[in-house]
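A.B. asks: Please read through the structure below; I'll follow up with questions.
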């Protein structure tokens, strides 16, 4: 029986999520892709690996900037019912040295440029 590696699982899951991105993710991605946002490189639906209970694991984050070690998570209505799960993910990411920024989908829909301005105030190199 074929056993898939953790990296293969992560790559497949990332591809799946990229093909089924939400409307908010699509809008945000169009603004930050190809270093359009202050020349920072963002990756979307990117796996980050860690160890827990002596097992390799991964989480897939909506957007990741390696240069600044930030993760941006876009939260829709589903996140209201999974707050504990989101807190656990944020805790794991913080343990990996990441700064987690959560943005509501509604904010992206209403004013993506305003979201980016606030994001820049928080993370842009001075």
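Bear in mind these aren't lab numbers, they're just calculated from the coordinates by the rules spelled out. Because the structure is a prediction, the values reported are computed rather than measured. Cβ coordinates were reconstructed from backbone atoms using ideal geometry, including for glycine residues, and neighbour counts include every protein chain displayed.
A.B. asks: As a test of the formula, what do you get for the chain when each DSSP H run with n ≥ 4 contributes -39,500 (n - 2.57) and the sum is divided by the residue count, at 222 nm and rounded to the nearest 500 deg cm²/dmol? It would help to have the intermediate numbers written out before the result.
C.D. replies: Numbers: 4 runs with 56 residues, N = 126.
Estimated from H runs of four or more residues: -14500 deg cm²/dmol.
A.B. asks: Still on this structure, I have one more. I'd like the FRET efficiency for residue 30 and residue 95, computed as 1/(1 + (r/R0)^6) with the beta carbon distance as r and R0 of 41 Å, rounded to 0.05.
C.D. replies: Details: r = 31 Å, r/R0 = 0.76.
That pair, residue 30 with residue 95, gives E of 0.85.
A.B. asks: In what sequence do 29, 91 fall when counting other Cβ within 10 Å, fewest first?
C.D. replies: On the way: 29 18, 91 11.
The most exposed by this proxy come first: 91, 29.
A.B. asks: So, one more: What is the helix-to-structure angle for 6-19, meaning the angle in degrees between its Cα long axis and the longest Cα principal axis of the chain, kept from 0 to 90 and rounded to the nearest 10?
C.D. replies: Roughly 40 degrees, rounded to the nearest 10.
A.B. asks: Gain in length, residue 41 to residue 118, computed as 0.36 nm per residue apart minus the alpha-carbon separation, to one decimal in nm?
C.D. replies: Numbers: separation 77, 0.36 × 77 = 27.72 nm, distance 1.78 nm.
Here the answer is 25.9 nm.
A.B. asks: Just to be sure I understand, if you calculate P(r) over Cα pairs in 10 Å bins from 0, in percent for this structure, which of [x] 12, 42, 36, 9, 1, 0; [y] 12, 37, 34, 15, 1; [z] 14, 47, 32, 7, 0 do you get?
C.D. replies: Checking each listed value against the structure points to [x].
A.B. asks: Same structure, new question: Would you mind calculating the gained length between residue 109 and residue 67 on full extension (0.36 nm times residue separation, minus the Cα-Cα distance), in nm to one decimal? Provide the component values of the computation, followed by the final result.
C.D. replies: Details: separation 42, 0.36 × 42 = 15.12 nm, distance 2.65 nm.
Here the segment from residue 109 to residue 67 would lengthen by 12.5 nm.
A.B. asks: Roughly what angle does helix 83-95 make with the longest principal axis of the chain, taking Cα atoms, 0 to 90 degrees, to the nearest 10?
C.D. replies: Taking Cα atoms only, the helix is inclined about 90 degrees.
A.B. asks: Mind checking the angle between helix 105-123 and the chain's longest principal axis? C-alpha axes, 0 to 90 degrees, to the nearest 10.
C.D. replies: Roughly 90 degrees, rounded to the nearest 10.
A.B. asks: Once you have the Cα-Cα distance between residue 19 and residue 53, take 0.36 nm times their residue separation minus that, and quote the gain in nm to one decimal. Could you put the intermediate results ahead of the total?
C.D. replies: Numbers: separation 34, 0.36 × 34 = 12.24 nm, distance 3.14 nm.
Once the chain is fully extended between residue 19 and residue 53, it gains 9.1 nm.
A.B. asks: Another one. Could you grab the relative contact order for the chain? Cα pairs under 8 Å, six or more apart, rounded to a whole percent.
C.D. replies: Working: 136 pairs, mean separation 25.8, N = 126.
So the answer I get is 20 percent.
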